[in-house]
Structures are given as structure tokens and as C-alpha cells.
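The values are calculated or read from the model by the stated rules, or taken from the named source; none is laboratory data. Small disclaimer: the values here were computed from a predicted structure and weren't measured. In this analysis, Cβ positions are derived from the backbone assuming ideal geometry, glycine residues included, and neighbour counts consider all displayed protein chains. The protein model used for the area step is the full one, side chains on, heavy atoms only, and it has no ligands, DNA or RNA in it. Shrake-Rupley method; radii C 1.70, N 1.55, O 1.52, S 1.80 Å.
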Amino acid sequence: MHSGSAVGACDTAGRIAHIRTRVWFQEKLRYAAGGGWCNNVRACQFRKTSRRGSSDLMEKEIPFGGIMSSSPADNPGPSDDLTSSCSSRNALLIKCTHAAPDFYTWNRENGFYFRGQRIWDAVIRHLLSIGMASADQVLLTGCSAGGLAVILHCDEFQAFFPHTTAGGRGTTTVKCLADAGLFLDAVDVSGGRSLRSYYSDIVAMQGVAPNLPPACTARLDSTSCFFPQNVIDGIKTPIFLLNAAYDVWQIQESLAPNGADPSGAWRACKSNRSACDASQMKFLQDFRDQMVASVRGFSGSGSSGLFINSCFAHCQFELPATWSNAAAGSPAIQNKGIARSVGDWYFGRAEVKAIDCPYPCDGTCRHII
């Protein structure tokens with residue numbers, strides 16, 4: 001447990017942020033946890049009294065599974081048999097309980113501390129000081145809100161390793177992996193843009209703009225630059241995007257939130273894919289097509305990796321059931337599962353640009369609705 005008191009790294013409630021880490025040697029995997037964002041006073045006030053806004057209320061212990069597992073059976077290594085040495089694989093968990101780690105601000109009126117950027121800086125510098133600076137390979141990962149954070153900060157993370165080139169060559173090889181972070185600026189079922197409105201509130205309340213990728217803010221407004229589709233083409237550090245084409249969080253909170261569906265016409269569909277009628281499924285297929293289109297330019301990069309499957313899911317590398325290389329385990333595209341695909345990209349065994357056929361073609365999915 002590491003304290004951020006020296007640099008003012010506070011959680012939303014103003015308490016000193018504590019960071020849990022598991023530390024290794026040759027390789028390091030840095031993980032940004034998900035958990036959404038708060039976009040107004042009421043939501044942030046609630047988070048101050050929960051594990052997502054207060055270091056004091058964080059879980060005391062969290063099991064590491066999926067990509068975080070130290071088991072050779074769960075994680076792809078550099079050899080063809082996909083095993084890895086437990087002693088050389090590194091995993092760590094960072095609880096950064098603000099939007100993405102982007103902020104230096106304080107809401108004086110309501111007593112909210114938005115200091116995710118300070119937490120981010122404190123965590124990375126601490127890890128560098130205890131051995132990460134000499135690591136051969138470093139992988140920055142995150143899921144959901146943490147996946148968005150990875151996309152927004154991948155190049156910034158790489159810059160902490162001055163002897164590493166943007167192409168991953170040098171003393172330390174730096175790469176990034178974002179799971180379920182490809183949040184789209186999509187039209188909802190009412191014809192509005194619920195997620196854009198939500199993100200606009202986050203950007204304004206938490207003072208995000210100064211810490212968004214400058215290559216994006218030079219040409220677009222700050223809210224647009226909180227959407228990965230406007231950022232990914234400019235990322236220079238090798239990055240892998242893992243996403244479900246029918247992202248359940250986005251279906252429930254962006255496409256068909258209660259505010260956009262006052263009659264409840266989508267209530268059954270967004271909880272059970274089998275309850276969707278033909279018009280609703282067409283709407284979801286259009287969303288899938290938008291996601292595929294959003295990565296068209298990104299997929300042309302030789303250093304990028306991509307795995308978009310046709311599952312109703314959200315965050316697939318955290319659990320053994322959707323990450324594992326075991327038989328009948330992970331969802332697969334062309335007979336290659338998620339862990340194997342990430343491993344092939346990470347260790348340079350093969351180029352991975354996998355996009356699944358539309359639902360319901362994939363019989364390997366682990367659907368969650």
C-alpha cells in the first residue's frame with residue numbers, strides 16, 4: 001500500500017489516496033480499474049461515501065484473475081505453448097476513483113477533490129522508483145472507465161520511459177491494452193446523444209480539458225476528445241483495443257438509458273438480448289457497424305492490435321471464463337481466443353486485427369444479458 005500524501009494525491013473525499021500494488025521484476029502489468037464516473041454534485045456526493053470515491057472504503061483485498069492472474073495456465077507467455085513464468089509476470093491494481101486519471105481540480109463549494117492526475121503521477125513515479133524503470137516490458141491495461149483512461153494516457157505513460165521509442169524499441173518495451181473502453185458518441189433510442197451529454201457534464205465539472213490529448217483538442221472540442229473514436233488514430237504507442245461490439249454498458253447507459261426510453265419499450269431488450277424485436281436488433285446492429293467504422297483508420301497501424309467480437313458483454317479480460325486459453329474458454333474469432341490474440345500481438349508472434357461477423361454468428365460468446 002503506497003500513500004500519495006507528498007504530492008496531494010487525494011481521493012474524491014479529500015483523503016490521501018492509497019494504491020494497492022503487486023510488484024515483480026522483468027515485466028510489469030499496470031491495471032486501471034473501471035467503475036464509471038460522476039458527472040454532477042449528487043453523483044459525486046454519493047461516491048464520496050463509497051468504495052469508488054474513498055480510499056478508506058476500498059476493498060481490503062481483491063482477487064487477481066484473468067489477465068491479472070499469475071497462473072501460467074491463464075496468461076499467454078512469449079513461447080508458442082503460451083505458458084509463462086509466474087515469477088516474471090507482473091500485475092498490479094490501481095484504484096483511481098475519478099473519471100479517467102485526468103484532473104487537478106477541487107470543487108470548493110461541495111468539497112470534492114478531483115486529483116486523478118496527481119494520483120496517476122504519484123503511482124507511476126512510485127512504481128518507477130521501486131523497479132519498473134528497469135523492466136524489460138511494461139503493459140498498461142484497463143477495463144471500462146479504466147480502458148478509456150488507458151486510451152487517453154497511453155502515450156503519456158510511454159513518455160515516463162525516456163529510453164523507449166514510440167514503436168516500443170529501446171530499454172523498455174511499452175504497450176497498452178484497453179478493454180471495453182471504446183465508448184462511442186452514438187445516437188440513443190430517442191434520437192438524442194445521452195452519453196455525449198453525460199460526458200459533457202464530466203468534462204465541465206471535473207476540469208478535464210487541460211489534460212486531454214492535445215492532438216485532439218487542437219481540432220475538436222473537449223467533450224469530443226473524451227470519446228476514444230476521436231483519439232485512437234493519433235496514439236503513437238502500440239495499443240490493443242478489446243471490445244464487445246454489443247457493449248452491454250453502452251446499450252444500457254448510452255443507447256437506451258431510462259431517460260431516453262420513458263415508455264420502457266427497451267427495458268426487456270436491454271436486459272435480455274433474446275427479448276429484442278427486429279427493429280431493436282437492427283438498431284443494435286447499426287451500433288455495431290458504427291464501432292467497426294470507428295476503428296477503420298486505427299486498424300491500419302502496423303503496431304496496433306484489435307479484437308472486436310460479437311458478444312453482449314462488457315470487460316472480458318478480468319475473468320478466467322472470458323480470458324482463458326483453456327478449451328471451451330474464451331470467446332474466439334477464427335478459432336483464436338482473447339488471451340492468445342493479445343499474446344500474439346504483445347510478443348510479436350502475429351498481427352492481430354480481428355473483427356467478428358455480426359450477432360448471432362459467434363457461438364463462442366459468453367453473453368451477460
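Quick one: which of D155, D136, D179 is of a type in the set (D, E, K, R), under 15 Å from the mean Cα position of the chain (by Cα) and open to solvent by 10 Å² or more (accessible area, probe 1.4 Å)? Let's see the steps before the verdict.
Values: D136 fails: under 15 Å from the mean Cα position of the chain (by Cα); D179 fails: open to solvent by 10 Å² or more (accessible area, probe 1.4 Å).
Answer to the check: D155.
Residues D356, D344, D277, D362: which one is open to solvent by less than 30 Å² (accessible area, probe 1.4 Å), more than 29 Å from G234 (Cβ to Cβ) and more than 18 Å from the chain's Cα centre (by Cα)?
Going through D356, D344, D277, D362 in turn, the sole match is D362.
Checking L212 against (1) closer than 30 Å to S263 by Cα; (2) buried (at least 21 other Cβ atoms within 10 Å of the Cβ); (3) at pLDDT below 95; (4) not hydroxyl-bearing (S, T, Y), which single condition isn't satisfied?
(1)
Taking the conditions exactly as written (over 28 Å from F317 (Cα atoms) and crowded, with 18+ Cβ neighbours inside 10 Å), does Q250 satisfy them or not?
Numbers: over 28 Å from F317 (Cα atoms): no; crowded, with 18+ Cβ neighbours inside 10 Å: yes.
Spelling it out, it is not the case that Q250 is over 28 Å from F317 (Cα atoms) and crowded, with 18+ Cβ neighbours inside 10 Å.
Just checking, which of R169, R196 is of a type outside the set (S, T, Y), modelled with pLDDT under 90 and either crowded, with 21+ Cβ neighbours inside 10 Å or out of contact with any strand residue (DSSP E or B) (no Cβ under 9 Å at 6 or more places or on another chain) (or both)?
Working: R196 fails: modelled with pLDDT under 90.
Just a single option satisfies the conditions, and that option is R169.
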